[in-house]
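Asks: The structure is given below, and queries will be raised subsequently.
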There are 2 protein chains.
Amino acid sequence: MRKDIDMHAIGIDIGGTKIAGALVREDGSIAKADRTPTDAADSRSIENAVVQMIESLSDGAEVSAVGVAAAGFIDAERSTVYYAPNINWRNEPFRDRLERRVDLPIIIENDANAAGWAEFRFGAGRPVSDMVILTIGTGVGGAIVSGGRLFRGGFGAAAELGHLCVVPGGLPCGCGARGCIEQYGSGRALLRLSNELADAGGIGTGLAEARKRAGGVLTGTEVSELLVLEDPGAVAALRELGHSLGQACASLAAVLDPQMFVFGGGVAQAGDLLLDPIRTAFLDHLPARGYHPEPEFMIAELVNDAGVVGAADLARQFAENK
Amino acid sequence: MRKDIDMHAIGIDIGGTKIAGALVREDGSIAKADRTPTDAADSRSIENAVVQMIESLSDGAEVSAVGVAAAGFIDAERSTVYYAPNINWRNEPFRDRLERRVDLPIIIENDANAAGWAEFRFGAGRPVSDMVILTIGTGVGGAIVSGGRLFRGGFGAAAELGHLCVVPGGLPCGCGARGCIEQYGSGRALLRLSNELADAGGIGTGLAEARKRAGGVLTGTEVSELLVLEDPGAVAALRELGHSLGQACASLAAVLDPQMFVFGGGVAQAGDLLLDPIRTAFLDHLPARGYHPEPEFMIAELVNDAGVVGAADLARQFAENK
């Protein structure tokens, strides 16, 4: 299965509203891209759309393998989707279904794992072997790389880092538990904190005014704009996010001891405004600080397409080791 | 370096008060054992004692490698001890020192990692590939096995599971942080809770009476005896320990997704009295419960010698892959 020249892999990322696909070179660059809307309610139409996309992307190219990323729990064999929240899937043998129609090695991978893998191979994680990535979007996603390999866990559902508990008995989370870091370190948490600061007045007046201008509802757009201006209220809300994330990283360091933490997703675009409070809280909470080496904290380099690039690269690796 | 018949490895475990050593067969059984007191203040005498023990254990035997376990942070190359709390070591190149005097492949390994590895290879972990072990002694130790390999982390200091934060801003821990599971799930925590229950009266009268009989100080001995009798106070104290540990395991499952959690150490001798509340609290706090497979909870099978057996087996594996 191994070829060395011009061998591409295909990455597909099934999202809640669209399916993105790309023909990816060995260096992680994209040779050809495609996208189509998702009808999340219709599992059969998703399968058809993925198959069509594979056919169209592989047309005229040498393709070694296909990686399909989706939000949800995938089994350790990267074959069956235990559960996909965006699509109506429970225990769906999606690899088998695709393999009946596509004559290429296929893997199914969790979308955060795929994106994290891309960041490890082609982004900020390049210099290290052990990395943890937290993706701060609406929620908090995660991936773990250990010894140069993606860490999947015994059942395939590892690195659900958004569901590390940081406040016992805290805010309810969509996962059914309480106090998950997702409720304190996500884009949604940033909006909640921003609204609370706007209500409280004081340094939140910038937020309150922006909320008024936006017609009474503060969205990510307003908060991002205020962060660019370093508005004290928006910066304070982000600092609280960073504080929670830094604390979570201290626990993650005790468990995983990575050489690097990487932060991706929309909120991480704030750069040092987010990283500085993360680093401070991390060091304040790090067990046995000063008695062992400490990790670096970085912002992700890949912004778009990380999911498809990572899925393609993992599929290529799978085919090479088959 | 590979031989198939009668090839032994040596495991050494440097503790706070003694050095234990054994000549270990490939099946994990012990062919010959040795021990000597530790003079923890004198690093040179520890080196001499380890070298002597290796010479005496290897006398007349075919030995492939030596594994030396010690409490503390060991680097990812299993060569340098960053920090050993029991001994006066900071950045000690212990493998180099030993290799100058012993003509065998040598690795240095964290003691909890070595003991956890033995449990994986020869104990409760045999049926699985991904296991987390928590050792509930005076403190809480841990080890992680992933895909059949010991998980060391990027700098070698992973699996410090006793220092997962479970109560932000909670009880101060010896590591300098606060709220570590070690303060809520260890033997020391069991004694604290038992004393508090004895003070409070009620179901704690059994504890209060035992404390009186013991001359005013409740130790592990009294609490263990009461647990054997299923004294309601001692059982309640242990239940609270289990509750904290189960919560911690829910977070660990989100990160590591093991197939099995194993509990070792003195407190785990309580068996189901500990496992039942752990399981209950785990399920109560597990993110996305019911949407992915759940791990088993087991008591460790190896009680003594796990450290030396695991160190020897890891050394053998290291020599075979050299």
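Asks: Failed condition for residue B:109, given (1) in the same structural domain as residue B:271 (by TED's automatic domain parsing); (2) crowded, with 18+ Cβ neighbours inside 10 Å, with all others met?
Replies: Here residue B:109 meets the rest and fails (1).
Asks: For the range B:1-99, list the strands (runs of 3 or more DSSP E) that sit wholly inside it and hold at least 1 residues that are touching a residue at least 40 places away in the same chain (Cβ under 8 Å), touching a His at 6+ places or on another chain (Cβ under 6 Å) and on the phi < 0 side of the Ramachandran plot; which are they? Step through it out loud before you land on a result.
Replies: Details: elements: B:8-14, B:18-24, B:30-37, B:63-70, B:81-84, B:89-92.
Of the strands (runs of 3 or more DSSP E) lying wholly inside the range B:1-99, those with at least 1 residues that are touching a residue at least 40 places away in the same chain (Cβ under 8 Å), touching a His at 6+ places or on another chain (Cβ under 6 Å) and on the phi < 0 side of the Ramachandran plot span B:18-24, B:63-70, B:81-84.
Asks: Can you find even one residue in the range A:160-174 that is without any contact (Cβ under 8 Å) to a residue 40 or more places away in the chain, assigned to a strand (DSSP E or B), touching a Pro at 6+ places or on another chain (Cβ under 8 Å) and farther than 23 Å from residue A:308 by Cβ?
Replies: For the range A:160-174, residues without any contact (Cβ under 8 Å) to a residue 40 or more places away in the chain, assigned to a strand (DSSP E or B), touching a Pro at 6+ places or on another chain (Cβ under 8 Å) and farther than 23 Å from residue A:308 by Cβ: absent.
Asks: Taking the condition among the small types (Gly, Ala, Ser) and within 13 Å of chain B (Cβ to nearest Cβ), does residue A:268 pass?
Replies: Numbers: among the small types (Gly, Ala, Ser): yes; within 13 Å of chain B (Cβ to nearest Cβ): no.
No; evaluated as a whole, the condition is false for this residue.
Asks: Right, here's the next one. Step by step: first the residues of the range B:165-197, then only those that are loosely packed, with under 15 Cβ neighbours inside 10 Å and either within 14 Å of chain A (Cβ to nearest Cβ) or at pLDDT below 95 (or both), then the one that is farthest from the chain's Cα centre (by Cα). Which residue is that? Full working, then the answer.
Replies: Filtering the range B:165-197 for residues loosely packed, with under 15 Cβ neighbours inside 10 Å gives B:169, B:171-172, B:196.
Imposing the further condition that a residue be either within 14 Å of chain A (Cβ to nearest Cβ) or at pLDDT below 95 (or both) reduces the set to B:169, B:171-172.
Working: B:169: 26, B:171: 22, B:172: 21 Å.
The selected residue is B:169.
Asks: Looking at the range A:144-155, which of its residues are within 7 Å of chain B (Cβ to nearest Cβ) and under 21 Å from residue A:79 (Cβ atoms)? Walk me through how you get there before you give the answer.
Replies: Start the filter on the range A:144-155 by keeping residues that are within 7 Å of chain B (Cβ to nearest Cβ), which leaves A:146, A:151, A:153-155.
Within the range A:144-155, A:151, A:153, A:154, A:155 qualify.
Asks: If you don't mind, another one. Out of the range A:72-94, which residues are farther than 20 Å from residue A:319 by Cα and away from every other protein chain (no Cβ under 12 Å)?
Replies: Passing the criteria: A:86, A:87, A:88, A:92.
Asks: Of the residues in the range A:214-251, how many are out of contact with any strand residue (DSSP E or B) (no Cβ under 6 Å at 6 or more places or on another chain) and within 14 Å of chain B (Cβ to nearest Cβ)? Reasoning before the result, please.
Replies: Taking the range A:214-251 first, the residues out of contact with any strand residue (DSSP E or B) (no Cβ under 6 Å at 6 or more places or on another chain) are A:214-248, A:250.
Checking the rest, the ones that are also within 14 Å of chain B (Cβ to nearest Cβ) come to A:240, A:243-248, A:250.
Residues in the range A:214-251 being out of contact with any strand residue (DSSP E or B) (no Cβ under 6 Å at 6 or more places or on another chain) and within 14 Å of chain B (Cβ to nearest Cβ): 8 in total.
Asks: Restricting attention to the range B:273-322, which residues are modelled with pLDDT of 95 or more and acidic (Asp, Glu)?
Replies: Residues satisfying the conditions are B:276, B:284, B:294, B:296, B:301, B:313.
Asks: Something else about it: Looking at A:14, A:54, can you tell me which residue is closer than 30 Å to residue B:256 by Cα and crowded, with 19+ Cβ neighbours inside 10 Å?
Replies: Numbers: A:54 fails: closer than 30 Å to residue B:256 by Cα.
Exactly one of A:14, A:54 is closer than 30 Å to residue B:256 by Cα and crowded, with 19+ Cβ neighbours inside 10 Å, namely A:14.
Asks: Look through the range A:291-322, keep the residues that are over 29 Å from residue A:166 (Cα atoms) and of a type in the set (Val, Ile, Thr), and return whichever of them is surrounded by the most Cβ atoms within 10 Å (Cβ to Cβ).
Replies: A:308
Asks: Please verify whether the range A:120-133 includes one or more residues that are closer than 30 Å to residue A:232 by Cα, surrounded by fewer than 24 Cβ atoms within 10 Å (Cβ to Cβ), more than 13 Å from every other protein chain (Cβ to nearest Cβ) and among the hydrophobic types (A, V, I, L, M, F, W, C).
Replies: Of the range A:120-133, the ones closer than 30 Å to residue A:232 by Cα are A:124, A:132-133.
Right, trim to surrounded by fewer than 24 Cβ atoms within 10 Å (Cβ to Cβ) and you get A:124.
Then keep just the ones that are more than 13 Å from every other protein chain (Cβ to nearest Cβ); that gives A:124.
Narrowing further to those that are among the hydrophobic types (A, V, I, L, M, F, W, C): A:124.
Checking the range A:120-133: at least one residue is closer than 30 Å to residue A:232 by Cα, surrounded by fewer than 24 Cβ atoms within 10 Å (Cβ to Cβ), more than 13 Å from every other protein chain (Cβ to nearest Cβ) and among the hydrophobic types (A, V, I, L, M, F, W, C).
Asks: Follow-up. So is residue A:226 among the aliphatic types (A, V, I, L, M), within 22 Å of the chain's Cα centre (by Cα) and over 24 Å from residue B:165 (Cα atoms) or not?
Replies: It is false that residue A:226 is among the aliphatic types (A, V, I, L, M), within 22 Å of the chain's Cα centre (by Cα) and over 24 Å from residue B:165 (Cα atoms).
Asks: Given the criteria small (Gly, Ala, Ser), closer than 30 Å to residue A:108 by Cβ, at pLDDT 95 or above and part of a helix (DSSP H, G or I), does residue A:156 qualify?
Replies: Details: small (Gly, Ala, Ser): yes; closer than 30 Å to residue A:108 by Cβ: yes; at pLDDT 95 or above: yes; part of a helix (DSSP H, G or I): no.
Criteria not met by residue A:156.
The values are calculated or read from the model by the stated rules, or taken from the named source; none is laboratory data. Keep in mind it's a predicted model, so treat the numbers as computed, not measured. All Cβ positions, glycine included, derive from the backbone under ideal geometry; neighbour counts span all protein chains shown.
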